[in-house]
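Notes to accompany the following structure.
The values are calculated or read from the model by the stated rules, or taken from the named source; none is laboratory data. Everything numeric in this text was worked out from a predicted model, so none of it was measured. All Cβ positions, glycine included, derive from the backbone under ideal geometry; neighbour counts span all protein chains shown.
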Amino acid sequence: MSSTDNQSPKTADTTVEPAAHKTVEVIEDRDGYLDAVRKISAGNGPIAIDAERASGFRYSQRAYLIQIFRRGAGTFLFDPPAIGDFSELNSAIASEEWVLHAASQDLACLREVGLNPTRIVDTELGARLAGLPRVGLGTVVEELLGIHLAKEHSAADWSTRPLPQSWLVYAALDVELLVDLRDAIVTLLTDAGKGEIAEQEFAAVLARDVRPPKVEGWRRLSGVHSIRGGQSLAVARELWEARDRYAREIDTAPGRLVPDSSLVAAAKALPATRHELAALREFSGRASRSELPRWWAAIEAGMAAEDTPVLRVPGDVIPPPRAWSERNPEADRRLKLARTAVGEIAGERSIPVENLLTPELLRRVSWSPPQPLDEPALRSVLADLGARDWQLDETVQAILDAFVEASQPVEHADDAVS
């Protein structure tokens, strides 16, 4: 990453409405795709890229539209299900810098079609590190470029075919401004002495492994913690798994079939018959009724299950901080003092505290600090947990000082009187 544009960012009082956009077409065949690859290859500078999924509508997280902009080449919108493999495009641009906004949301679906960057600038993350108070694409574009970017189609069903022209214009604008936005954010970061920090953070996003699905996905069921009893938990598990299988089969978001609240209500009620299940007030949606035999079979399987689950499973889980004062008072004191110290650094550096050091890392090292407690050991533990070099440089000494202070005897008011 280098600062290629030293212009000062425009302020909001220069905001202008964007001009009417020309008609946008989607590339849906191999010939059009290969022609676009040649044009993109002939362009210059970073590759702006974005992807649109159909979260909330489809089971999969696949891309249903991929948008690319490059200076000297133009804007290209691709239909991934129609095109299939993007390996030719990846070969042409993999070594270039790619610009994305909130890259972690799109990298998995881009990699699924063969698009795998080696260098990125994440404008959302860059805006956070620069200290901007709001980092949504529309807000940042307006603040730094002085252009109002409407976001009315962000939650649309992008698996729709054909895609409406207004949606395509919205999608095109998302990438056409990204390179200019990149230049403005790089300037902010460079001027603030945060260029190296940003490089490390962008590399970390790129290197982050895609999380494997949890073995027991049903434990993510909203409201599951309100369920009591192994049999009810077994029913909740079977209902969740039946819904998940059916949602995958018809490529529909599980929550659109039967909401979590309906599954939880059925698991709590433990209806004795299919009629009782149908009579549940919370179990009245269209898929709840049309697929009633499916859900009833799941309830029967749960009722017959011998391997009834427990609500909480043992694992590498630390208690919530609110319980620390009773369960581990010294850890509670360590966390409170370290959290204050890290918060002060975050304020001084104008970096959100969660970006300076992930709160989960601070909780873990506070609960179980290294022994012996010294700077190299603390640095090593945090690095093993995933902290980057710059985060360690900024926070380790302050955390160590807080831990040492926490280990000192607490001075009572009577003892303080001389």
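Here is how the numbers come out for the structure above:
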quantity: Test result for Glu216, more than 30 Å from Thr75 (Cβ to Cβ), out of contact with any strand residue (DSSP E or B) (no Cβ under 7 Å at 6 or more places or on another chain) and either assigned by TED's automatic domain parsing to the domain that holds Val99 or in contact (Cβ under 8 Å) with a residue 60 or more places away in the chain (or both); calculated: yes
quantity: Qualifying residues in the range 345-357 (those that are assigned to a helix (DSSP H, G or I) and in contact (Cβ under 8 Å) with a residue 40 or more places away in the chain) - the one surrounded by the fewest Cβ atoms within 10 Å (Cβ to Cβ); calculated: Asn355
quantity: Lone unmet requirement of (1) touching a helix residue (DSSP H, G or I) at 6+ places or on another chain (Cβ under 6 Å); (2) of a type outside the set (S, T, N, Q); (3) assigned to a loop (DSSP other than H, G, I, E, B) for Pro162; calculated: (1)
quantity: Helices (runs of 4 or more DSSP H) within the range 33-149 that include 1 or more residues free of Cβ contacts under 8 Å to residues at least 40 places away in the same chain, surrounded by fewer than 22 Cβ atoms within 10 Å (Cβ to Cβ) and among the polar types (S, T, N, Q); calculated: 87-93, 103-112, 137-145
quantity: Residue in the range 334-341 that is more than 22 Å from Ser407 (Cβ to Cβ) and either in contact (Cβ under 8 Å) with a residue 12 or more places away in the chain or in a helix (DSSP H, G or I) (or both) present; calculated: no
